[in-house]
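The values are calculated or read from the model by the stated rules, or taken from the named source; none is laboratory data. Bear in mind that the values here come from a model prediction, so they are computed numbers and not experimental data. Positions of Cβ are generated from backbone atoms using ideal geometry, with glycine treated the same way; all protein chains shown enter the neighbour counts. All accessible areas refer to the heavy atoms of the entire protein, side chains included, with ligands and DNA or RNA removed. Shrake-Rupley method; radii C 1.70, N 1.55, O 1.52, S 1.80 Å.
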Amino acid sequence: SRIPDCTHFAPRLIVPHRPATVVFYAGDNDLAAGHTPERVRDDFRAFAAAVHRELPKTRILFLAVKPSPKRWALWDKQQEANRLVKAATAADPR
């Protein structure tokens, strides 16, 4: 999946279960599709906003975009996306 897909389906697939924590793993496919690291960060922010709109206390754990042999050429973009998401979420205790 891509992050916008996660955001689109969050109200239907996440919110009804009212989880205390969401483990989020996406971003690889976004970068492979040509999205920039900045867009990955912004799309993750949109996902978090969609969850927090209904579940303001829910923690979201972002699993870092990881390297793989097939996508090794994206390693620099993956590292930048991870850095940008980390910086964007550093001030939010959730």
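Miscellaneous remarks
- Pairs of Cα atoms nearer than 8 Å and 6+ residues apart set the relative contact order; for the chain it is 36 percent.
- Taking the 1.4 Å solvent-accessible surface of the chain as the whole, the part contributed by carbon and sulfur is 56%.
- Set of aspartates and glutamates with alpha-carbon distance to K70 below 19 Å, sequence-local pairs under 8 removed: D28, D30, E80
- C-alpha long axis of helix 3-13 to longest principal axis of the chain, angle in °: 20
- Dipole in debye (nearest 20) - the chain, about Cα centre, beta carbon charges: Lys, Arg +1; Asp, Glu -1: 260
- Build a GNM of the chain with springs between Cα atoms under 10 Å apart, and of L13, L74, L84 the one that fluctuates most is L13.
- Taking Lys and Arg as +1 and Asp and Glu as -1, the other residues whose beta-carbon sits under 13 Å from that of K77 total 0.
- Report summary: the helix-based calculation at 222 nm, which adds -39500 (n - 2.57) for every DSSP H run with n ≥ 4 and divides by the residues of the chain, gives -16500 deg cm²/dmol.
- In the calculated pair-distance distribution of region 18-94, the portion above 18 angstrom amounts to 38 percent of the Cα-Cα pairs.
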